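Have a look at the structure below before the remarks.
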Amino acid sequence: MHQTATPVTTTRRKRRSRRKLYIWLGVGGLILLLIAGSIISSKREQPIPVTTEKAGRRTIIATVSATGKVQPETEVKISPEVAGEIIELPVEDGTEVKKGDLLVKIRPDSYKALLEQQQAAISTAEAVSEQQKAAVEKAEMDFKQAQDLFHKKLISETEMTAAKTAYDAAKSAYQSGLHSIEGAKASSSQARDQLSKTTIYSPLDGIVTLLNSKLGERVVATGQFAGTEVMRVADLNQMQAVVDVNENDVVHVKLGDTAKVTIDAYGDRKFDGKVVQIANTGKTTGAGTQEEVTNFEVKIQLDKGTVRLRPGLSCTAEIQTDMVKDAVSVPIQSVTIRTGDTNLSPEEIEQKKQLKQTKEKADNNAEVENIRLAKQTAKEEREKLKKVVFLKEGSKARMVEVTTGIADDSDIEIKSGVQPGDEVIAGSYSAISRKLKNGARVKIDTEGKK
């Protein structure tokens, strides 16, 4: 017997169907809400991870770094003034000498002969002069006798004039003879001086730091081309560091500035010194190339120490050019350059600049005007640039303009814009230089902090 569904059963089935529908609708709506939330959350600006440091008061010392060589303050190149063969060489490389000690002797035979020849010339000139003197005396007597006879009208005027002429000639010959004696004496003095220069003595107390010649070698005098440098004698008790300072840094260096000099051969040991000389003319290397560099030679007098330094040692000098005590300072990497538009990142600013340049280049008929506009734009961009730091205030970064002073290897002086205790964003480099904007959300990067 077939039974039909009752009205009560039908109603129950409809209720169950609606309940399932409501459940599925609720689950679907929840899923949609979750998807929408995740999309919104993904689009929301993510905090930029940064590290911070507190601004504080420190002593800032500005330095200029330069490299060079250690050299003696006093070093004399010994070069002979006469040529010849070395017959005595009593020193070696490294020999300690006193002022007046014999350094080198050149064979003097030819110079002795020259001196004897000049002395003989003096004797000859003196003998000739005596003869000329006697001739003058006789000519003077003849002239006086001729004058007396002429007044008595016993000789003619022609004879008297001839006697006077002979007397004047004798006097001139005598004067010439006297000058010949002076010339012979001068030549003799020169020969004696050359003979004395065949022996060279040490001009100072010091050490032979370089020996180029050997016993028996022939040397060339300094009057002939450059001459032969036989040796060098230096006082190693007072040394100096001769360093090359870049043209951009030399304007900060002053006479009397203190310096710390590190010599490669002595590791991390530092030698104290002070600047005693700054070159007025620079030395240019790589002229006309991309590697062109201009440096100025700076001499740093090193304090006397227990270590005897050798000439030619490589060194690095840190010259202290300025110092500020109790200065408000921040890490040097915290300071960056931005334009006056605080709402644009450097990438956006560069895009705007490129767009402007593209528009200017589009008009080929106004090239001169474009050049003027480009110069004006570049000037305006430079005027907009300013130094800023980012302070962390809560979960956001605030950009503040600062005025800076001197800097050392790690910190930079802040003259205005930051107070001691301010939390300054110190990293990362990419965050400071590119990512951060005024009001950007930030968070502390614990890994970067470590």
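Read-outs: derived from the displayed coordinates by stated rules, not from any lab. Quantities reported herein were computed from a predicted structural model and do not represent experimental measurements. So basically every Cβ, Gly included, is an ideal-geometry build from the backbone, and we count neighbours across all protein chains shown.
What FRET efficiency do you get for Glu85 and Ser433 if R0 is 60 Å and r is their Cβ-Cβ distance, rounded to the nearest 0.05? Provide the component values of the computation, followed by the final result.
On the way: r = 71 Å, r/R0 = 1.19.
According to the calculation, E is roughly 0.25.
Taken over the C-alpha atoms, region 234-323 has Rg and Dmax values of 14.0, 45 angstrom. Across region 231-245, computed HN-Hα scalar couplings (Karplus, 6.51 cos²θ - 1.76 cosθ + 1.60, θ = phi - 60°) run 6, 10, 10, 9, 8, 8, 6, 10, 10, 9, 9, 9, 10, 9, 9 Hz from first to last residue, x flagging Gly and Pro. By the equivalent-ellipsoid construction on the alpha carbon gyration tensor, region 389-440 comes out with semi-axes of 19, 13, 10 Å, ordered largest to smallest.
At 0.36 nm per residue, and after removing the present C-alpha to C-alpha distance, how many nm does the segment from Leu34 to Val251 gain when stretched out fully?
Details: separation 217, 0.36 × 217 = 78.12 nm, distance 6.51 nm.
Residue separation times 0.36 nm, minus the Cα-Cα distance, leaves 71.6 nm.
What does the highest-first list of 327-338, 305-316 look like by mean Cβ count within 10 Å? The partial results should precede the final answer.
Working: 327-338: 19.9, 305-316: 13.8.
By packing density, highest mean first, the sequence is 327-338, 305-316.
The relative contact order of region 108-197, computed from alpha carbon pairs under 8 Å that lie at least 6 residues apart in sequence, is 53 percent. Rounded, prolate or oblate: which one fits region 108-197, using the alpha carbon gyration tensor with axes a ≥ b ≥ c (rounded when a/c is under 1.5, else prolate when a/b beats b/c, else oblate)? It is prolate, given that a/c is not under 1.5 and a/b is the larger ratio.
Taking 0.36 nm per residue of separation and subtracting the current Cα-Cα distance, fully stretching the chain between Thr124 and Trp24 would add 21.7 nm.
For region 67-109, which trypsin sites (Lys or Arg not before Pro) pass both filters: DSSP loop (anything but H, G, I, E, B) and at most 12 other C-beta atoms within 10 Å? The qualifying sites are Lys98, Lys99.
For a modelled paramagnetic label at Glu393, 7 Å from Cα along Cα-to-Cβ, the residues of region 416-442 in reach, with backbone nitrogen under 14 Å, are 417-419, 422-425, 438-442.
Please tell me which of these pairs span more than 32 angstrom C-alpha to C-alpha: Lys254/Lys304; Lys54/Lys283; Lys254/Lys437; Lys99/Lys299; Lys197/Lys304; Lys270/Lys386?
Working: Lys254/Lys304 22 Å; Lys54/Lys283 44 Å; Lys254/Lys437 41 Å; Lys99/Lys299 26 Å; Lys197/Lys304 35 Å; Lys270/Lys386 38 Å.
Those over the limit are Lys54/Lys283; Lys254/Lys437; Lys197/Lys304; Lys270/Lys386.
In region 139-266, the C-alpha radius of gyration followed by the widest Cα-Cα span (Dmax) gives 34.6, 105 angstrom.
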